[in-house]
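To start, the structure itself, in structure tokens.
The values are calculated or read from the model by the stated rules, or taken from the named source; none is laboratory data. Fair warning: this is a prediction, and the values are worked out from it, not measured in the lab. Quick reminder, even Gly has a Cβ in these numbers, built from the backbone with ideal geometry, and neighbours come from all protein chains shown.
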Amino acid sequence: MSWIEALLLGLVQGLTEFLPVSSSGHLQIGHALLGVTGDDNLTFAIIVHAATVLSTFVVLWHEISGLLKGTFTTRIWNEEKTYVAKICVSMIPVFIVGMFFKDEVESIFGSGLLVVGCGLLITSVLLTFAYFKKSGSKPAISYMDAFIIGLAQAVAVVPGISRSGSTIATGLLLGNKKENMAQFSFLMVLVPILGEALLEMIDMLQNGGLGVGISWEAMLVGFLAAFLSGCFACKFMINLVRRGKLIYFAVYCLLVGLFTVIYTCL
């Protein structure tokens, strides 16, 4: 993998991690178009996912620090502890999938671009429903809603189905306010992504270390590209959800999904 390919793929990851268009699906499309194959894919995916997690910490640091302070500096059960507990509940489905269905998920990721195209079409449908659904009136996300949103996140391990798109759309369809959903969607994924990256790194080191086809320079360029574009996309997406403009991404996912399916079938 050259540094130019790393730059392009890092930008793709950083932008699409927070926009409701499936970062994993776009990375697979990018790998296919650029001809990047082999161990490069897994190594690079870990690097850029770590970068986007870091960008989430930077953009939402005020909210994250407030949650940590409220959770660990007092013994009373307060709003911060309730919010963190709901995030923990939302992680249960993806934890179950990761622990007991890891091989099945990996086989899906290796199924080619046809799965990505179909996943993007599903994302388009979800975003369309969410767009026409009026903003809910629930004052806060309930524990049951958190679990259902977590189920949407677990389904989004399929490449092409957007994690942020499916979780935000699910939350809106459940009647939650738009201003509550973007932040919850981005915070609920921090621990699963970090845990997945750590497990993949351990597994990779046990089986021979970093992919030989990617240099440290390329990894650094990809990391910085994903981090900087992730910071921009995270801020942009939060404001976009509040304004309810998800229909543009529904159209985009429809077009890219159709293109991918047709490209695969040719």
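When the residues of the range 43-81 are filtered to those that are over 17 Å from V191 (Cβ atoms), aliphatic (A, V, I, L, M) and out of contact with any Gly (no Cβ under 9 Å at 6 or more places or on another chain), the one that is modelled with the highest pLDDT is I76. Candidates in the range 70-102 are the residues that are among the charged types (D, E, K, R) and within 19 Å of L194 (Cβ to Cβ); of these, the one that is surrounded by the fewest Cβ atoms within 10 Å (Cβ to Cβ) is K102.
Being at pLDDT below 85 and not basic (K, R) is a property that G208 has.
Looking at the range 131-171, which of its residues are in contact with a Ser or Thr (Cβ under 8 Å, 6 or more places away or on another chain) and over 21 Å from L190 (Cβ atoms)? Answer for the range 131-171, where residues must be in contact with a Ser or Thr (Cβ under 8 Å, 6 or more places away or on another chain) and over 21 Å from L190 (Cβ atoms): just G160.
Here T264 passes the criteria (1) within 30 Å of L121 (Cβ to Cβ); (2) at pLDDT below 80; (3) more than 22 Å from the chain's Cα centre (by Cα) except the one numbered (2).
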